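The structure appears right after this line, and notes come after that.
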Amino acid sequence: MNNKIKAAVAGAVLASASVANAGITWEAGEWTVDMNGNVNAFANITNADDSNAIAGGLAGKSNNDDTTVGIETGLLPSWLGFTATTRQNDIDTSVTISFQPNAGGTTSLTKGNANGGTNETENRQAFLTFGDKSWGSVKVGKDLGIFGSTAILNDMTLLGVGGGAGGGGGNTTLGGIGTGYLYADWIGQFAYTTPNMNGFQATLGVMQPWTANSKLGGAAVSDSSVGTSDEFGYQGQASYSWTGDFAGKVWGGFFYQDVKNVGGTAAGDGLGSDETAKAFEAGISTTVANIGLVAYAYSGDGVGTTILLGDAFDTNGNARDSDGGYVQATYVIPTGTKLGVSYGISNLDDNAVDAGTTLVEENERVTVGAYHPLTKHLNLVAEYNNMESKSHAGLSNESDSISLGAILFF
């Protein structure tokens, strides 16, 4: 991936206000306005032979068909973002709002007429920032979460599809979500980021708390199985980056939140357990010559799998352990095409009460991809993805998909 495409990806995902990552800019009085984004779409063909019931499994048949085809948006949604920046009273301030329309699906008044396609628009960002390079910056509003964010930003399938193709025509596919890392998601936050201190930087955030479903084989057993929180969540990440012939970045992060009233004994009784969801992560990404390498791992208690707090607690309100990670290698050949291979896995442990259920034990993925910059803004993409899901009851599903498409940044 060349530097301009990297900047475009970071700008589209994080709506960076820096001039280096700018899209289309213009001056408006005291403000500089940056309009940036992307449009992408992929033709996906997915084949799956098995349709075993695996709660939380990501592989298997869709709509009971062995083969599913569709035109879908990839892991990165199509995007239109606006960032306005100014400097007043020695403080840099900015505001960002973005929209994510679905580039696939149908505009029919009846959703699903086009083989599972949908016509949805998301609003993933609405935040302000203020700060100065001497003391850091503060972010207030809705943006990408902190825990898991660097893992997804280093995933090569951010330019493509990854897992989840043909899974129902949602706004995006999964990439490596649920097969190597947890979804950072887009969430309300108050976050402080330190200035860059010779390559070291840290972010600490007070976050909108998540709710959790306590599930037995994936089915919520009662209203009281929904965990709530009367305290904020906390996320943080620290990193160190270096440049040169052997450039790279190492990072570590955490997630922490109290979860109340999970696994109650009767619907609505509010007598469930009070538990803590916590997780830690670490990763490294390096570049030498035309070779890029990434390694990442996470481990948690009560954070679940695929999405934060998904299948995180059993019906007694006890936390389930989970862990996972991915490794990735890419190589840019003389034509500028980036070739890559990635392997990821996410594991979810069971508790004694889960015995004999169809709860997912692991979701595993292998991706082989080619990403060719036809222009400095336009990439052509080809991917093959293999996914396998296994349950604690010994069941398994497998899916294979081929994806061809294009993504254009501005």
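Structure data summary
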quantity: Estimated FRET transfer efficiency (Ala289, Ala41; beta-carbon r; R0 22 Å; 0.05); calculated: 0.10
quantity: Cross-link table Lys278/Lys390; Lys61/Lys278; Lys139/Lys390, entries beyond 29 Å C-alpha to C-alpha; calculated: Lys61/Lys278; Lys139/Lys390
quantity: Rounded if a/c under 1.5, otherwise prolate or oblate - region 235-362, Cα gyration tensor axes; calculated: prolate
quantity: Residue-span extension gain [Leu374 to Phe200] - 0.36 nm each, minus C-alpha spacing; calculated: 59.2 nm
quantity: Gain on full stretching of the segment that runs from Asp66 to Phe190 - 0.36 nm per residue minus C-alpha separation; calculated: 40.1 nm
quantity: Unit charges at the beta carbon, dipole of region 275-410: most positive-side option, Leu348, Val294, Ser399; calculated: Val294
quantity: Note, ³J(HN,Hα) from phi for region 35-47, Karplus 6.51, -1.76, 1.60, rounded to Hz, x at Gly and Pro; calculated: 9, 9, x, 7, 10, 9, 7, 9, 8, 10, 10, 10, 10
quantity: Rounded to whole Hz, the Karplus (6.51, -1.76, 1.60) HN-Hα couplings of region 238-250, x for glycine and proline; calculated: 10, 9, 9, 10, 9, 10, x, 4, 10, 9, x, 8, 10
quantity: Linear extension gain, Tyr384 paired with Leu153, 0.36 nm per residue minus alpha-carbon span; calculated: 81.2 nm
quantity: Total formal charge among the other residues, if their Cβ is under 15 angstrom from that of Ser299, Lys/Arg +1 and Asp/Glu -1; calculated: -4
quantity: Amide H within-cut-off set for Ala247, under 5 Å, with H built and near neighbours excluded; calculated: Thr287
quantity: Per-residue HN-Hα couplings for region 24-32 [Karplus 6.51, -1.76, 1.60; θ = phi - 60°; Hz; x = Gly/Pro]; calculated: 9, 10, 8, 8, 9, x, 7, 10, 10
quantity: R0 of 60 Å, Cβ-Cβ distance Ala352-Thr86: FRET efficiency to nearest 0.05; calculated: 0.55
quantity: Pairwise centroid distance, computed over Cα atoms, of region 275-292 with region 128-190, Å; calculated: 14
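Every number here is computed from the coordinates shown, using simple stated rules; none is lab data. Just so it is clear, the structure is predicted and the values come from calculations on it, not from any experiment. Because the Cβ atoms are built from the backbone with ideal geometry, glycine has one as well, and the counts that use them run over all protein chains shown.
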